[in-house]
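Scroll down for the structure; my scribbles are underneath it.
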Amino acid sequence: MLLQTTWFRRTTSLTFDETYFLSCALQTVHDGRLDPRICSQGVAPLPIMLDYLLPLSLVGGENRPDPWEGQPHDAHLINGPRLANSIMVGLPLVFCVSGWLFKRQGIIAAALGAGLVAFSPTLVAHASLATTDSSFALFGLLGLAAVAWYFRQPSRGRFVVMAVAIAAAMTAKYSGVFLLPVVALMFVFRALGSPREEGRAAWTQRLGYLASRGAVLAVLVFFFWWGLHLFSFTGPLKNIALEDTPDWSPWVKMLGRGPVADEIMRAAHEKIRRPAPLDGVLFQYQHNQAGHCSFLAGRHSNTGWWYYFPCTFLMKSTPVELLLAAGLFALCIVGLRAPRRAWKSLDTDLQVLCLAVAIFSFLVMSSRINLGQRYILVLYPILIVAGVDRLWALLGRNPRAAGCCAATLLVGQAFSCLSVAPHYLSYFNRLAGGPERGWHYLVDSNIDWGQDLPSLRRELQRLGYRRAALRYFGTADPKDYGVDADRVPHLTRPLDEYDSLAISVTPLQGLYSGSDDPFREFRQIEPTARAGKSIFLYELARPEVKAAMARTMARYRAVRLLPDSTTMGGLPAYRIETPAAVYVLEKAGAGLARMIDPDDHDWISYDHTPGSGARGEYRGFPNAVHQQAGNYFHPKNDATDVSTTKVEYEGSDRVTISAESAGGLWACRYDFFPTHCTFTMTRMPSDKRYWVLYEVTPGGNYDDTDWWMTSARSKRQPLTVPHEGDIPAPEWIAFGDEKLNRVLYLLHHEDDDHPDRFYQMDRQMTVFGFGREGLKKYLDRVPQRFTIGFLETTDYREIAKAIEQTARRGDGENDE
């Protein structure tokens with residue numbers, strides 16, 4: 001294990017998540033307290049404390065305002081945490097599996113279990129990296145061992161140890177919550193299986209026993225869980241003030257209204273702080289509800305597939321691991337003939353492991369976050385323990401056969417592992433075509449996590465390429481690993497001056513690409529070489545490669561900025577021209593004043609003439625700050641306060657313009673892409689609220705026959721029909737004109753349960769607001785992103801699909 005993890009460590013670059021963990025750990029050392037960004041982004045802190053804090057405390061902390069941005073010296077800083085993970089997580093995982101098997105089946109079974117762990121490509125890869133996944137595999141297994149230990153012979157001391165082990169697993173990764181239903185079901189089965197007594201009193205006694213044990217365990221687990229978070233907080237328990245709390249809030253639904261309820265809610269907002277682990281779990285729940293863009297065998301989805309992880313397991317497990325899994329599955333099928341008898345035939349350890357596999361498998365198969373095999377890493381040590389144990393139960397009476405079987409399995413596992421070394425992360429079995437074809441089925445952390453920059457440097461040197469273009473899926477700084485290449489699409493030279501293109505397989509498959517699958521032609525072209533297993537190299541001198549590259553850049557290079565334009569009324573403005581729309585951003589008010597479609601219809605038509613009301617001066621997007629320490633981000637009228645605007649980035653792929661209110665309390669950013677514009681609120685006062693409004697007319701002129709639809713309402717609704725209440729995820733609304741085969745849509749990237757409101761004003765203007773109820777504003781966090789754009793269709797299914805693709809691309813818009 002140590003030799004292989006060392007080999008992998010020294011031949012790979014910083015992976016995607018390691019940049020974030022490294023930044024937060026450096027900030028923690030710098031501040032002398034746990035960085036709140038860890039838990040607030042759903043990251044359990046135990047692996048960071050275990051792997052990072054000691055090595056980084058020796059070199060000193062660092063202020064890292066942007067935790068996802070790699071720094072030039074990160075390649076050196078990550079070595080210590082990676083080594084710590086190999087020693088403190090990788091080795092204990094080997095010992096834990098072998099120790100459990102030694103106690104149950106003896107030395108040969110223990111040696112086989114240790115070998116299967118030490119030669120599992122997946123476990124070796126993640127034991128080499130300073131991330132949360134291998135820590136969860138270790139502490140999840142230790143948690144199950146503690147649960148089994150308690151139920152074999154219950155005692156108060158073992159009960160406390162079980163609570164500590166569960167808390168540790170939940171602090172390694174919040175997925176460790178799966179241990180709680182395992183314990184609950186073990187208590188229930190033990191209560192049901194105890195000697196039966198007649199009468200209601202006996203059942204009452206059992207229920208009381210279960211309730212008391214559950215309550216005590218919950219209190220202990222939470223105490224130790226929070227303790228492992230260093231008893232830290234991340235903000236107020238209730239984010240919204242009492243006066244801003246709507247009737248549909250969960251707080252109101254639980255407590256109702258009245259003096260007592262109001263006082264509780266006021267105290268929750270003003271006096272009680274939110275424990276860090278609750279914030280982490282809440283983030284993960286919301287992330288799962290919103291989903292995450294994922295890829296499986298040529299298909300994309302923002303909500304995943306129930307069969308994603310079974311497919312991942314089948315493609316990325318070694319033949320030996322699949323053989324053990326098949327054997328256990330066959331035993332389960334046989335046991336279904338008489339499930340009660342089969343359950344009673346299992347000892348406590350196997351009962352716990354069976355429940356763990358069933359519960360964890362159900363949770364991951366129902367998850368909407370389908371990013372990689374690493375999410376099911378804990379199943380591998382469980383599989384090895386249970387599989388070897390059952391194998392020895394069958395062969396234990398024949399030591400010679402058992403020894404031969406162990407040798408065969410160990411040789412097979414070692415062959416699978418060493419055949420891909422040192423590219424363990426990219427392992428695919430031969431049923432899936434091996435690492436060479438795995439990218440056709442799975443990407444992201446399954447094969448491409450930013451780890452192959454050293455291999456890319458060697459390939460560029462070997463082939464003699466001097467000027468490379470690079471589209472890299474990762475957060476590391478390529479120059480930190482000796483790769484001097486310009487990022488696509490931000491090339492600094494004419495295309496003819498580049499001799500090669502390097503593409504990570506994740507953007508090659510259109511994931512997080514920041515455009516409309518820009519590299520699609522390259523999937524049909526044979527690469528010149530391959531750096532590691534995750535980066536393809538193409539020689540741009542080849543005609544078909546050069547033509548494909550030109551088409552790729554054309555998809556990116558589609559935005560033009562005219563900085564000295566004006567609105568219709570002559571106010572200074574930026575004019576941004578894209579293939580999909582022309583946007584006019586009024587400078588003083590920092591709001592969109594015009595949005596012109598390809599047929600020259602203006603879907604905003606702002607006019608700053610005083611008294612024009614809904615016909616002109618009220619119009620605009622996003623009109624976000626209304627009587628909240630001023631009025632900002634609205635095209636300038638008599639009520640709008642002045643903002644300062646600045647062009648942050650100007651390129652053919654994107655134009656980014658930032659704005660800041662007078663006094664600096666509010667700030668925002670506009671990103672204009674070839675297909676849409678995304679408005680991001682980036683700064684706000686903690687005691688204020690905002691909304692995001694679309695106050696315009698579909699097609700340019702108000703008409704009762706114009707219509708709207710949302711993610712929840714597929715049938716067209718006339719503009720005379722209002723909408724009140726939260727739009728369910730994904731939060732979007734589209735407006736259409738009966739005369740046009742086109743819609744304008746608005747998308748809120750961060751789902752919430754705030755009300756969203758639409759109505760028409762005086763038959764002159766449509767008014768739609770995210771986070772609006774009457775004149776109440778509900779949006780209370782930054783950053784939050786809102787996309788506005790045109791789609792050349794009025795079919796609901798096509799609209800929904802296109803908006804889902806926009807939401808998916810939104811995760812990669814700020815890659816660079």
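The values are calculated or read from the model by the stated rules, or taken from the named source; none is laboratory data. No experiment lies behind these values; they were computed from the predicted model shown. Don't worry about glycine lacking a Cβ; one is built from the backbone with ideal geometry, like all the others, and counts go over all protein chains shown. Just so you know, the surface numbers come from the protein's heavy atoms only, side chains and all, with ligands and any DNA or RNA stripped out. Shrake-Rupley method; radii C 1.70, N 1.55, O 1.52, S 1.80 Å.
Observations on the model:
- The P(r) of region 47-188 has a tail past 18 Å containing 63 percent of all C-alpha pairs.
- With each label modelled as a point 7 angstrom along the Cα→C-beta vector, the Arg615-Val721 pair spans 3.0 nm.
- If both residues of a DSSP beta bridge must be in the chain, then about 95% of such bridges are antiparallel.
- Taking 7 Å steps out from each Cα toward its Cβ at Lys776 and Leu314 produces label points 5.0 nm apart.
- For the residue pairs Lys688/Lys715; Lys479/Lys533; Lys238/Lys801; Lys587/Lys777; Lys715/Lys739; Lys103/Lys344, the alpha carbons lie more than 27 Å apart in Lys688/Lys715; Lys238/Lys801.
- Computed helical MRE - 222 nm, the chain, DSSP H runs ≥ 4 contributing -39500 (n - 2.57), nearest 500: -13000 deg cm²/dmol
- Charges were assigned to the Cβ only: +1 to each Lys and Arg, -1 to each Asp and Glu. The resulting dipole of region 449-495 about its Cα centre is roughly 220 debye.
- Ligands, DNA and RNA left out, the accessible area of the chain computed with a 1.4 Å probe is 58% carbon and sulfur.
- Positive-end ranking of Pro783, Gly304, Ala118 along the dipole of the chain, with charges on Cβ about the Cα centre, is headed by Ala118.
- Annotation for region 507-544 versus region 682-722: alpha-carbon center distance of 40 Å.
- Treating each Cα of region 1-47 as one equal point scatterer and applying the Debye formula with no solvent, the log10 of I(q)/I(0) at q = 0.22, 0.25, 0.28, 0.29 Å⁻¹ comes out as -0.80, -0.88, -0.97, -1.01.
- Once the Cα-Cα distance is subtracted from the 0.36 nm per residue extended length, the Ser345 to Lys546 segment shows a gain of 65.8 nm.
- Extended-chain gain in nm, criterion 0.36 nm per residue less alpha-carbon gap, Arg466 and His73: 139.1 nm
- Each residue of region 458-465 was assigned a 3J(HN,Hα) from its phi angle through the Karplus curve 6.51 cos²θ - 1.76 cosθ + 1.60 (θ = phi - 60°); the sequence is 5, 5, 4, 5, 5, 8, x, 6 Hz, with glycine and proline shown as x.
- Alpha-carbon centroids, region 410-451 and region 733-749: separation in whole Å: 44 Å
- Using R0 = 22 Å, the C-beta based FRET efficiency linking Glu792 and Ala554 works out to 0.75.
- In the context of the full set of protein chains, residues of region 339-439 present 44 Å² of accessible surface per residue (probe radius 1.4 Å, heavy atoms only).
- Stretchable slack from Phe222 to Ala358, in nm (0.36 nm times residue separation minus alpha-carbon distance): 46.5 nm
- Counting heavy atoms of the protein chains alone, Phe415 has an accessible area of about 150 Å² for a 1.4 Å probe.
- Per residue, region 732-778 exposes 33 Å² of accessible surface when a 1.4 Å probe is rolled over the protein heavy atoms with every protein chain present.
- Charge dipole of the chain about the Cα centre (unit charges at C-beta), most positive-ward option of Pro236, Ala168, His76: Ala168
- FRET efficiency, Arg683 to Ala401 (Cβ-Cβ, R0 60 Å, nearest 0.05): 0.30
- Nearby aspartates and glutamates by direct alpha-carbon distance to Lys636 (threshold 13 angstrom, same-chain neighbours under 8 apart not counted): Glu586, Asp607, Glu617
- Dipole magnitude of the chain, debye to nearest 20 (Cβ charges: Lys/Arg +1, Asp/Glu -1, about Cα centre): 3840 debye
- Convex hull of Cα atoms in the chain, direction-averaged projection (nm²): 38.5 nm²
- By average C-beta atoms within 10 angstrom, highest first, the peptides 11-18, 314-321, 36-43, 213-220: 11-18, 314-321, 36-43, 213-220
- Among 789-797, 58-66, the peptide with the highest mean count of other Cβ atoms within 10 Å heads the list, and the full ranking is 789-797, 58-66.
- Solvent-accessible surface of region 582-651, taken per residue with a 1.4 Å probe and all protein chains present: 37 Å².
- Histogrammed with a bin width of 5 Å, the alpha carbon distances of region 593-714 distribute as 2, 10, 17, 20, 20, 17, 10, 4, 0 percent, first bin at zero.
- Inter-label distance for Asp703 and Arg156, nm, one decimal - labels placed 7 Å from Cα along Cα-to-Cβ: 8.0 nm
- Residue order by solvent-accessible surface for Ile657, Ile108 is Ile108, Ile657, largest first, with ligands and nucleic acids left out and a 1.4 Å probe.
- Measuring r between the beta carbons of Lys103 and Arg37 and using R0 = 45 Å, the FRET efficiency lands at 0.60.
- Electrostatic dipole magnitude of region 384-473 [Cβ: Lys, Arg +1; Asp, Glu -1; Cα centre; debye, to 20]: 260 debye
- In region 350-470, a dipole from Cβ-located charges (positive for Lys and Arg, negative for Asp and Glu) runs towards its positive end, and of Val385, Tyr441, Ala414 it is Ala414 whose Cα lies farthest in that direction.
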